[in-house]
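Visitor: Take a look at this one; I'll ask things after.
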Amino acid sequence: MSAEHPVQAQTPPVESPSAPTRRTFIATTTAVGGAAVVGDLVAGSPALAEEADGVEAPPGSRVALTVNGVRRTVTVDNRTSLLDLLREHLDLTGSKKGCNAGACGACTVLVDGRRVNSCLTLAVRLEGAEVTTIEGLAKGDRLHPLQQAFIDQDAFQCGFCTPGQIVSGAGCIQEGHTGSPEEIREWMSGNLCRCGCYLKIERAVEQAAGRKG
Amino acid sequence: MSPQPQAAVGAAEPRVDARLRVTGKAKYAADNSPDGVVHAVLVESSVGRGRVTGIDARAAEAEAGVLKVISHLNAPKLPPVQGGFPPGQRLRAFQDDRVRFFGQPVAVVVATTLESAQHAASLVRVSYDAESVSTDISVAEPADDPETYARGDAEAALESAPVRLDLTYRMARNHHNPMEPHATVAHWDGDRLTVWEKTQNVVGAVRTLAGEFGIPPGNVRVISPFVGGAFGSAARTYVHAVTAALAAREVKRPVKLVLTRRQLYFGVGFRPAYEYDLSLGGNRQGRLTASAHDIRTESSRYERHSEHVLEPGRMLYSTPNVRQAYRHVPLDVSTPWFMRGPGYASGAFPVESAMDELAHELGLDPIELRLRNEPADDESTNLPFSTRRLRDCYRAGAREFGWHRRNPKPRSTRDGDWLIGMGMAAGVYDTQRSAAQASVRLDADGTALVQSATSDMGPGTATSMTQVAADALGLTMRQVTFRLGDSLMPPAPVHAGSQTMASVGSAVQDGCDKLRKQAITLAVKDEDSPLYGADAADIVVRGGRLFVKDEPTRGETYQRLLARNNRTHLEAMGSYAGAPESEKFSFYAYAATFAEVAVDARLGLVRVRRMVGVYDAARIINPRLADSQAIGAMVGGIGHALLEHTVTDHRDGRIVNANLADYLVPTHADMPDMKAIYIEGEDYEADPIGVKGLGEIVIVGVAPAIANAVFNATGRRIRELPITAEALL
Amino acid sequence: MYPFTYTKAADTREALNAGRRGGRYIAGGTTLVDLMRETVEHPDTLVDISALPLREVTVTERGGLRVGALVRMSEAAAHPKVRTLYPVISQALELSASAQLRNMATIGGNIMQRTRCTYFRDVSADCNKRDPGSGCAAREGFNRTHAILGTSDDCVATHPSDVAVAFAALEATVHLLGPDGERRVAFTDFLLQPGSTPQREQALRQGELITAVEIPALPRPLKSGYLKVRDRQSYEFALTSAAVALHVRGGVIQEAKVAAGGVGTVPWKLPAVELHLVGERPSASLWAAAAQQAGVGARPLAHNRFKVELLKRTVERQLSTVGGTK
């Protein structure tokens, strides 16, 4: 039988440290966060400017929609999901792609006030729609009550499903499905959390629903 | 040196990065889009074994936006790699035509848009010379070199045992299924590679990528500040990460490669299935005399994966005669990999189920049986336990859970259509510690920055490290920033095996202690300091103010001290050497998990109603985070016990439920009432901060506690996980 | 996903025109987009019908209910008339999918949804439904969730809808509008058993549009309800399910409407169970005896034998719950 701890066997040898200074770190975070901001009129994926060799661009369409209160006109490949539009073109990466099949809820956003799976929503269909993502819930520096409740209740661990949980929870509260812990659990079941934070998410939804009155 | 007052450690502090996580601003690997980024999509093998005989990429290449289709036919040769872990042949990025398992990447398509890349990947036509596959442990032959362990004469003792049980347990394959799919964003600048990678192993990822491309580790930078769950899956750097980097080098653009949920079932490890034969022998008084353990478990053909499945059966109970054999079954599957509570969570199911069976056989309370077999020391190593508060776990758990209300007679409690049952199980996980370093810098403004190349897949690493640092520096938590997840930072071990707090935490504490001492030394030698001439050993720091412990008015702040001495900052490097080569103690964390289940008597459905978990994990740095970890593990354990089962079609090695609608993990509605209790205590033999780790121990024993409750409810002993309706009809 | 052109129909006429030219209608899109992404479906043209005026829930003259094809699942479930007249429909809807999906998916789309058979969804596997003549990988493969009723040599895929089970039980009618005008098809005739043409799933003609589902008036008082049996508590397709509606007067069952889900290639109407109930007095033994009829004709596969017994118990349980003799 192996005498070694398998995980320890993975442990890398400790190299001589090169301690980064605060300055190098700040430079890093700028680079990390420095994804190009896409202007309102050029978010289109089919506008393949580099394709000069006569390859036919896939069918695309122009769509005007409102995202977090900002009106946007974009040209999208018809195949682009709302989720990919947000993440890859509008630099709104808060909505997450967990399964891309409507089976996990990590991509939940509000469209015209209703919670939906943005992964199964074709962006091309959203002419005139109002979309609210996790980035649009807070009012400036003031967190949405449910965001605050998630912090108060420690309702997340890795945080990856959290944006979807919060947006879904906001929808759940709006729908009025918060009458009991059991009701919250059932009506939040479209949002998987693999860290298993359900108990605290339920409490957070309860907290925020109560505050709402 | 006066001990620092403890203020932050032990407090239920909220997460320091909570705001980022609830506003969607936390950047996970796939959230990064460097300028000019293009998208890569893998093409997977649709046979389970054989050779690729041809790849027709013409249709794919003709799609708008497609930059390149890379396969073994045109991939650059990579330098050979050797050694590493686990033993075997590494799976390389398109270096040969061999298909080793269904779903293996055989090509990658790079295109300017995600939509084009996805579509073009579906247009790549691959032809194969397919061979028949072997993917079923119940029929495949194990390798002929089992790993064995023995003490005493188990067979003879079993022969003569007044009570003997011979049982076979089976466990299905499980997949980690973190909510965040594995993802890599790779960018080359000359021969320097930067990757934003989902990883629990920042330093390991550097080493793997450097090795794959034959470049110095210093040329590789891995950035991974947030990890969206992993449970072990991201402790390894897989071929898809190498592929992303390879593609980026080929197309000379940054490349983003995000695995689909389906691909996660083929390429990033899994908790291997097993068949476990267990014989227990004991006397009528409930003292174990012997046990024999034979496990056959999944491994791949190209690597050999082993886990500590047999450890619980070796050291949890006093047993003079033990024989064990661990047999790998090499299969045409991708290599298994450690999943939360690796080995121990798997091994606890047979051992803790069998203890329950023995208790029933003897008419003993399951807790009493366990108490009668508490060992005086670790019989597998003959070392004393550093700390073992398992008895306290039983006691506290029984009280909190109301164990005395359990009717030991199975199928005796009913609530309408539901049969109610209670069960419990013990758990154990070894306390791992590895070498780690952390840099500490205190600025003239009185704030500190602490850094280490560790990760946070969810436990709250940055928060607990900030707590340790704040106390050691005598600062408030707000004055301390802890950063992680960048290979430019001082090295840390893989964020796995529950070793991060012990290892990185000890390095953080060491660095902060050193820095505090520097400041104290500066003060007592500074004629202009009110602390001039004081005994350094009498000085403590609190709220950023250094003062004589018994004369609190005599002191000054870090800020004043640094300003007067014209110092912009102080810095120190903390280090922790890891576990010594030869241990003087046996280090383990312990758990007792209690579960109440309801089983629909006619429909066979099992619903967990409530759970209590009690843990001996030694010192708890942050009770709020510890509580979340334990409750989350109970939910994960419900999946392990009742739902999770990766199904392979043994005709071709295809995984048939490779999605989150068919591979079932618990939902909100599956959640019972849960309570977690941590037994107070420290373990300073284990490490300088007195912790034993808690991410793994909290899941060990959950599944058998539920299975034992199912037996108590129904009188049916289910020896196979997951426990499904058909087993109970 | 294959490229496609997209057009949004401003009215029914536009939609039908586009449909006649081979356009594929998209309503909620929860099934279609998912299957397009898996390349199981690859329509050349999507015709967005969401602007069509098919969003009404109305009580018919005779006291039945007409649910517009574009009424969302969540709206239908919450509609006061649906809740009071046919709780079985509300329950079936609310036990389906997730709150998000129910906010997207429509009633018309729901009954058009395609099977969850894993081999159907995996384009690298043989599937007669997806690729006629290629074979059925499920028959000898992993088939725990597959059908035991209505199967053929060519296909054993389960119909996944819950509300369709309620519609089948209640003997609903599907309203269709096509190039040749309107027509009505009995619900049980609308969804097709696979036979030797598993690729044909509905009795739809080229370009036809579902406009509504009508539930006939049933004698009152009517008690109804839906039971869904599944491994986990929520967000999962049924292993088995039962939709039951009973009209009891003078202590005698006058009308019984029963169908099962999760077990058939289409929602499985259970006339033998209904026959056993009508004219009898509710009792535990009646439920048990009637439920025995549920498994008649079942042809289980290697991994779904348990469904035969589970189906009977599911029906028995739901008869007892709705019949009120527990």
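Visitor: Which of the residues belonging to segment C:12-43 are under 24 Å from A:Leu83 (Cβ atoms) and assigned to a loop (DSSP other than H, G, I, E, B)? Outline the logic, then answer.
Guide: Our first condition is that a residue be under 24 Å from A:Leu83 (Cβ atoms); within segment C:12-43, this holds for C:24-43.
If the condition is that a residue be under 24 Å from A:Leu83 (Cβ atoms) and assigned to a loop (DSSP other than H, G, I, E, B), then C:Ala27, C:Gly28, C:Gly29, C:Thr30, C:Thr31, C:Glu38, C:Thr39, C:Val40, C:Glu41, C:His42, C:Pro43 are the ones that fit.
Visitor: Residue check, B:Tyr149 against (1) out of contact with any helix residue (DSSP H, G or I) (no Cβ under 7 Å at 6 or more places or on another chain); (2) in contact (Cβ under 8 Å) with a residue 24 or more places away in the chain; (3) surrounded by fewer than 22 Cβ atoms within 10 Å (Cβ to Cβ); (4) facing chain A (nearest Cβ under 10 Å), all met but one. Which one?
Guide: So the condition that B:Tyr149 fails would be (1).
Visitor: Within segment B:339-350, is there a residue that is crowded, with 24+ Cβ neighbours inside 10 Å and assigned to a strand (DSSP E or B)? Full working, then the answer.
Guide: Taking segment B:339-350 and keeping what is crowded, with 24+ Cβ neighbours inside 10 Å, we get B:339-350.
When the remaining residues are screened for being assigned to a strand (DSSP E or B), the result is none.
So far as segment B:339-350 goes, no, none of its residues is crowded, with 24+ Cβ neighbours inside 10 Å and assigned to a strand (DSSP E or B).
Visitor: For segment B:645-660, what are the residues that are polar (S, T, N, Q), closer than 12 Å to B:Ala273 by Cβ and not in a strand (DSSP E or B)? Can you show your working first?
Guide: We begin by selecting, within segment B:645-660, every residue polar (S, T, N, Q); these are B:646, B:648, B:657, B:659.
Among the residues that remain, those that are also closer than 12 Å to B:Ala273 by Cβ are: B:646, B:648.
Once the filter is applied, which keeps residues that are polar (S, T, N, Q), closer than 12 Å to B:Ala273 by Cβ and not in a strand (DSSP E or B), segment B:645-660 yields only B:Thr646.
Visitor: Right, another one. Output the number of residues of segment C:233-283 satisfying the condition of being more than 14 Å from chain A (Cβ to nearest Cβ), of a type in the set (Ser, Thr, Tyr) and in contact with a helix residue (DSSP H, G or I) (Cβ under 9 Å, 6 or more places away or on another chain). Let's see the steps before the verdict.
Guide: Kept after step one, since they are more than 14 Å from chain A (Cβ to nearest Cβ), are these residues of segment C:233-283: C:238-283.
Then keep just the ones that are of a type in the set (Ser, Thr, Tyr); that gives C:240-241, C:265, C:283.
Imposing the further condition that a residue be in contact with a helix residue (DSSP H, G or I) (Cβ under 9 Å, 6 or more places away or on another chain) reduces the set to C:240-241, C:283.
The number of residues fulfilling the criteria is 3.
Visitor: Moving on to the next point. Within segment B:676-729, track down each residue that is charged (D, E, K, R), in a loop (DSSP other than H, G, I, E, B) and surrounded by fewer than 22 Cβ atoms within 10 Å (Cβ to Cβ). Give the steps one after another, and end with the answer.
Guide: Here is the first cut: in segment B:676-729, the ones charged (D, E, K, R) are B:680, B:682-683, B:685, B:687, B:692, B:696, B:716-717, B:719-720, B:726.
From the residues that got through so far, the ones that are in a loop (DSSP other than H, G, I, E, B) too are B:680, B:682-683, B:685, B:687, B:692, B:696, B:716-717, B:719.
Across segment B:676-729, the qualifying residues are B:Glu680, B:Glu682, B:Glu685, B:Arg716, B:Arg717, B:Arg719.
Visitor: Run B:Met634 past the list (1) part of a loop (DSSP other than H, G, I, E, B); (2) within 12 Å of chain A (Cβ to nearest Cβ) and report the number of the one that doesn't hold.
Guide: (1)
Visitor: Are any residues in segment B:489-523 closer than 18 Å to B:Gly544 by Cβ and β-branched (Val, Ile, Thr), and if so, which ones?
Guide: Scanning segment B:489-523 gives B:Val508, B:Ile520, B:Thr521.
Visitor: Return the only residue of A:Asp84, A:Asp91 being assigned to a loop (DSSP other than H, G, I, E, B), touching a residue at least 24 places away in the same chain (Cβ under 8 Å) and either within 18 Å of B:Val22 (Cα to Cα) or facing another protein chain (nearest Cβ under 8 Å) (or both). Break it down stepwise before answering.
Guide: Values: A:Asp84 fails: assigned to a loop (DSSP other than H, G, I, E, B).
The unique qualifying residue is A:Asp91.
Visitor: Can you find a residue that is under 25 Å from the mean Cα position of the chain (by Cα) and of a type in the set (Gly, Ala, Ser) anywhere in segment B:359-368? Walk me through it before giving the result.
Guide: Pass one, segment B:359-368, residues under 25 Å from the mean Cα position of the chain (by Cα): none.
No, segment B:359-368 contains no residue that is under 25 Å from the mean Cα position of the chain (by Cα) and of a type in the set (Gly, Ala, Ser).
Visitor: Based on what the data block shows, is B:Asn622 within 30 Å of C:Asn143 (Cβ to Cβ), touching a residue at least 24 places away in the same chain (Cβ under 8 Å), within 14 Å of chain A (Cβ to nearest Cβ) and not acidic (Asp, Glu)? Spell out the reasoning first.
Guide: Working: within 30 Å of C:Asn143 (Cβ to Cβ): no; touching a residue at least 24 places away in the same chain (Cβ under 8 Å): yes; within 14 Å of chain A (Cβ to nearest Cβ): yes; not acidic (Asp, Glu): yes.
Here the answer is no, as B:Asn622 does not meet what is asked.
Visitor: Given (1) in contact (Cβ under 8 Å) with a residue 24 or more places away in the chain; (2) more than 19 Å from C:Lys223 (Cβ to Cβ); (3) touching a Lys or Arg at 6+ places or on another chain (Cβ under 8 Å); (4) not polar (S, T, N, Q), identify the lone condition not met by C:Glu236.
Guide: Checking C:Glu236 against (1) in contact (Cβ under 8 Å) with a residue 24 or more places away in the chain; (2) more than 19 Å from C:Lys223 (Cβ to Cβ); (3) touching a Lys or Arg at 6+ places or on another chain (Cβ under 8 Å); (4) not polar (S, T, N, Q), the one that fails is (1).
Visitor: Based on this model, can you work out whether B:Asp456 counts as among the acidic types (Asp, Glu), facing another protein chain (nearest Cβ under 10 Å) and under 23 Å from B:Tyr588 (Cβ atoms)?
Guide: Details: among the acidic types (Asp, Glu): yes; facing another protein chain (nearest Cβ under 10 Å): yes; under 23 Å from B:Tyr588 (Cβ atoms): no.
Answer is no for this residue.
Visitor: Further, regarding this structure: Test of understanding: among A:Ala155, A:Ala170, A:Ala204, A:Ala209, which residue is more than 11 Å from chain C (Cβ to nearest Cβ) and touching a residue at least 60 places away in the same chain (Cβ under 8 Å)? Give the derivation first.
Guide: Working: A:Ala155 fails: touching a residue at least 60 places away in the same chain (Cβ under 8 Å); A:Ala204 fails: touching a residue at least 60 places away in the same chain (Cβ under 8 Å); A:Ala209 fails: touching a residue at least 60 places away in the same chain (Cβ under 8 Å).
Being more than 11 Å from chain C (Cβ to nearest Cβ) and touching a residue at least 60 places away in the same chain (Cβ under 8 Å) holds for just one of A:Ala155, A:Ala170, A:Ala204, A:Ala209, which is A:Ala170.
Visitor: Okay, next question. Can you pull out the residues in segment C:297-326 that are at pLDDT 95 or above and β-branched (Val, Ile, Thr)?
Guide: C:Val308, C:Thr314, C:Val315, C:Thr321, C:Val322
Visitor: Right, next: Against the conditions (1) under 19 Å from the mean Cα position of the chain (by Cα); (2) polar (S, T, N, Q); (3) under 18 Å from A:Thr121 (Cβ atoms), where does C:Ser96 fall short? Just the number, please.
Guide: Of (1) under 19 Å from the mean Cα position of the chain (by Cα); (2) polar (S, T, N, Q); (3) under 18 Å from A:Thr121 (Cβ atoms), only one is false for C:Ser96: (3).
Visitor: Picking from B:Ala472, B:Ala492, which residue would you name as being over 20 Å from B:Ala633 (Cβ atoms), among the hydrophobic types (A, V, I, L, M, F, W, C) and either part of a helix (DSSP H, G or I) or more than 13 Å from chain A (Cβ to nearest Cβ) (or both)? Please lay out each step first, then the result.
Guide: Numbers: B:Ala492 fails: either part of a helix (DSSP H, G or I) or more than 13 Å from chain A (Cβ to nearest Cβ) (or both).
B:Ala472 is the lone residue from the list that is over 20 Å from B:Ala633 (Cβ atoms), among the hydrophobic types (A, V, I, L, M, F, W, C) and either part of a helix (DSSP H, G or I) or more than 13 Å from chain A (Cβ to nearest Cβ) (or both).
Visitor: In segment B:642-659, which residue that is closer than 19 Å to A:Ser189 by Cβ and of a type in the set (A, V, I, L, M) is surrounded by the most Cβ atoms within 10 Å (Cβ to Cβ)?
Guide: Of everything passing the filter in segment B:642-659, B:Leu642 is surrounded by the most Cβ atoms within 10 Å (Cβ to Cβ).
Visitor: Out of the strands (runs of 3 or more DSSP E) lying entirely within segment B:516-600, which hold 1 or more residues that are away from chain A (no Cβ under 14 Å)?
Guide: Numbers: elements: B:539-542, B:545-548, B:551-557, B:569-576, B:588-600.
Fully inside segment B:516-600 and qualifying: B:539-542, B:545-548, B:551-557, B:588-600.
Visitor: Let me ask another. Keeping to segment B:619-658, report how many residues are closer than 18 Å to B:Ile137 by Cβ and of a type in the set (Lys, Arg).
Guide: The qualifying residues number 2.
Visitor: What are the residue pairs meeting all of these: first residue in segment C:129-158, first residue within 12 Å of chain B (Cβ to nearest Cβ) and farther than 21 Å from C:Glu41 by Cβ, second residue not in a loop (DSSP other than H, G, I, E, B) and not charged (D, E, K, R), Cβ atoms under 7 Å, and 6 or more apart or on different chains?
Guide: C:Gly141/C:Tyr119
Visitor: Would you point out the residue of segment B:154-188, among those that are closer than 22 Å to B:Asp486 by Cβ and away from every other protein chain (no Cβ under 11 Å), that is surrounded by the most Cβ atoms within 10 Å (Cβ to Cβ)? Break it down stepwise before answering.
Guide: Applying the first criterion (closer than 22 Å to B:Asp486 by Cβ) to segment B:154-188 yields B:178, B:180-188.
Of the ones still in play, those that are also away from every other protein chain (no Cβ under 11 Å) are B:182, B:184, B:186, B:188.
Working: B:His182: 27, B:Thr184: 31, B:Ala186: 27, B:Trp188: 19.
So, considering only residues that are closer than 22 Å to B:Asp486 by Cβ and away from every other protein chain (no Cβ under 11 Å), the one surrounded by the most Cβ atoms within 10 Å (Cβ to Cβ) is B:Thr184.
Visitor: Also, I was wondering about something else. Looking only at segment C:110-120, count every residue that is over 15 Å from C:Pro267 (Cβ atoms) and surrounded by fewer than 24 Cβ atoms within 10 Å (Cβ to Cβ) and tell me the total. Write out each step before concluding.
Guide: As a first pass, look at segment C:110-120 and keep what is over 15 Å from C:Pro267 (Cβ atoms): C:117-120.
Filter again for surrounded by fewer than 24 Cβ atoms within 10 Å (Cβ to Cβ), leaving none.
Of the residues in segment C:110-120, 0 are over 15 Å from C:Pro267 (Cβ atoms) and surrounded by fewer than 24 Cβ atoms within 10 Å (Cβ to Cβ).
Visitor: For segment B:442-456, what are the residues that are in a loop (DSSP other than H, G, I, E, B) and either in contact (Cβ under 8 Å) with a residue 40 or more places away in the chain or acidic (Asp, Glu) (or both)?
Guide: So the first thing to find is which residues in segment B:442-456 are in a loop (DSSP other than H, G, I, E, B), and the list is B:444-447, B:453-456.
Passing the criteria: B:Ala444, B:Asp445, B:Gly446, B:Ala453, B:Thr454, B:Ser455, B:Asp456.
Visitor: How many of the residues making up segment C:303-326 are aliphatic (A, V, I, L, M) and either within 12 Å of chain B (Cβ to nearest Cβ) or touching a Cys at 6+ places or on another chain (Cβ under 9 Å) (or both)?
Guide: The first filter runs over segment C:303-326 and keeps only residues aliphatic (A, V, I, L, M), leaving C:308, C:310-311, C:315, C:319, C:322.
Subsequent filtering for residues that are either within 12 Å of chain B (Cβ to nearest Cβ) or touching a Cys at 6+ places or on another chain (Cβ under 9 Å) (or both) retains C:308, C:310-311, C:315.
So the answer is 4.
Visitor: Can you tell me which residue among C:Thr265, C:Thr314, C:Thr240 is crowded, with 24+ Cβ neighbours inside 10 Å and in contact with a Pro (Cβ under 6 Å, 6 or more places away or on another chain)? First the steps, then the outcome.
Guide: Values: C:Thr314 fails: in contact with a Pro (Cβ under 6 Å, 6 or more places away or on another chain); C:Thr240 fails: in contact with a Pro (Cβ under 6 Å, 6 or more places away or on another chain).
None of the others qualify; the one that does is C:Thr265.
Visitor: Name every residue in segment C:56-75 that is without any contact (Cβ under 8 Å) to a residue 24 or more places away in the chain and under 19 Å from C:Ala97 (Cα atoms), in order of residue number.
Guide: Hit for segment C:56-75 is C:Glu75, nothing else.
Visitor: Working only within segment C:9-55, note down all residues that are of a type in the set (Asp, Glu) and without any contact (Cβ under 8 Å) to a residue 60 or more places away in the chain. Let's see the steps before the verdict.
Guide: Pass one, segment C:9-55, residues of a type in the set (Asp, Glu): C:11, C:14, C:34, C:38, C:41, C:44, C:48.
Result: C:Asp11, C:Glu14, C:Asp34, C:Glu41, C:Asp44, C:Asp48.
The values are calculated or read from the model by the stated rules, or taken from the named source; none is laboratory data. These numbers come from a predicted model, not from an experiment. Reconstructed Cβ throughout: ideal geometry from the backbone, glycine too, with neighbour counts over all protein chains shown.
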